[in-house]
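This report refers to the structure that appears directly beneath it.
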Amino acid sequence: MRSPVNRQITLAARPHGNPKESDFQIVQRPVPVPGDGQVLVRNVLVSLDPLNRILMGNANSDQPPIALGETMFAFTVAVVEQSNNPAFAVGDHVAGTTGWQDYAVSDGSDLRIVDPDIAPLPAHLGTLGMTGLTAWVALTVLLNPKPRGTLLVTAAAGAVGSAAAQIGKLRGYRVVGTAGGPEKIRHLIEDLGLDAAVDHRAPDFTEQLAHAVPDGIDTLYDNVGAALFPALLPHLNVNAQIAVGGVMSQITRTEPFTGPDHLPDLLRAALYKILTIRGVNVTEYHGHSYPEFLADLAPAIAERKLHYGTHLVQGLETIPAAFTQMFTGRTAGKMIAQIS
């Protein structure tokens, strides 16, 4: 028998800098009842993403925050418990945006049926979910899809970074990744099969970088932002392409940036190196690009050509503590909470 209550993680306070457990509150409310055309879903897997920090407010982002007391947004994989919608049957597995909670009601517009036989359910939040779609859109739609030369991916051990790096390998790039610490560097080389990896925490990072990209960088997928970009800029080749997929090093910043001003260097490089710079806003492509994306990558998952590593935590109640660890640099892969 299902639980008679619906546990929800709500926003209790707006953080200053990195999030804290006390910024969240776990509340219990009745399980919602679906109306006409609606379905009741029970969340099984809940995604923890940097986007959640942005939605908490006081982040270095133009994205509007959610209200205090509101249930935290999340990408999820769920099971249909009750259905008044002919497009969904009881027992269907669906991916949606049903939040950090046990149950949710939806009219189905934010749900899509997923097939557990194509790949394990966590992959539908990672490589076959919005994480993988973000990387795929950048390297397939926004940038020149014809690969050439060297692709460098920052934060390549992270969820989006690891997807981008592996898609780059499938596309025929020579792929170099940056990450922090020896274990992540090992993961990039041994598990993901990258051609080279550079530890951005190492004292000789700039020397390692120069050795890893002797012919320069033709395509850059950047998830980090200002922290690494100045070191990468001199290695960009003429006609290099840049996809800005995230600014992880900056989203918790609440004060004006006080570091060196590298904007003149970037503008000069953009002019004389004829750079292409594109931001990756995957929400513009989700609806019409997802079928092509799934057809492209699902076979690679089935053939084990793509590694979909996850950082799995158990229980809804563990989410606040686990989420704070995302900003310490000690986790790798897609962070997912298994809640039922």
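The values are calculated or read from the model by the stated rules, or taken from the named source; none is laboratory data. For clarity, every value in this text was computed on a predicted model and none was experimentally measured. As a convention, Cβ positions derive from the backbone with ideal geometry for all residues, glycine included, and neighbour counts pool all protein chains shown.
Structural remarks
- Residues that are among the charged types (D, E, K, R) and surrounded by fewer than 18 Cβ atoms within 10 Å (Cβ to Cβ) number at least 3 in none of the strands (runs of 3 or more DSSP E) confined to the range 259-340.
- Pro65 fulfils the conditions (1) in a loop (DSSP other than H, G, I, E, B); (2) more than 16 Å from Pro19 (Cα to Cα) except for a single criterion, (2).
- Failed item in (1) surrounded by 15 or more Cβ atoms within 10 Å (Cβ to Cβ); (2) in contact (Cβ under 8 Å) with a residue 60 or more places away in the chain; (3) not in a strand (DSSP E or B), with Ala13 passing the rest: (2)
- Condition check for Gly225 on (1) over 24 Å from His307 (Cα atoms); (2) among the small types (Gly, Ala, Ser); (3) surrounded by fewer than 18 Cβ atoms within 10 Å (Cβ to Cβ): one failure, at (3).
- Residue check for Asp62: within 13 Å of Ile319 (Cβ to Cβ) and either buried (at least 18 other Cβ atoms within 10 Å of the Cβ) or under 21 Å from the mean Cα position of the chain (by Cα) (or both): no
- Taken over the range 76-97, the criterion of being more than 13 Å from Leu121 (Cβ to Cβ) and at pLDDT 95 or above is satisfied by Val80, Glu81, Gln82, Ser83, Asn84, Asn85, Pro86, Ala87, Phe88, Ala89, Val90, Gly91.
- Restricting Thr324, Thr318, Thr276 to residues that are touching a Leu at 6+ places or on another chain (Cβ under 8 Å), among the polar types (S, T, N, Q) and modelled with pLDDT of 90 or more narrows the list to Thr276.
- Condition met for Thr97 (more than 19 Å from the chain's Cα centre (by Cα), surrounded by fewer than 21 Cβ atoms within 10 Å (Cβ to Cβ) and not aliphatic (A, V, I, L, M)): no
- Listing of helices (runs of 4 or more DSSP H) fully contained in the range 130-196 that carry 2 or more residues being among the aliphatic types (A, V, I, L, M) and touching a Gly at 6+ places or on another chain (Cβ under 7 Å): 159-171
- Taking each residue of the range 26-48 that is under 18 Å from Gln82 (Cα atoms) and looking for partners that are modelled with pLDDT under 95 and among the basic types (Lys, Arg) with beta-carbon atoms closer than 8 Å, six or more apart or interchain, yields Val31/Arg2; Arg42/Arg2.
- Of all residues in the range 90-109, those satisfying the criterion of being part of a strand (DSSP E or B) and of a type in the set (Val, Ile, Thr) are Val94, Val105.
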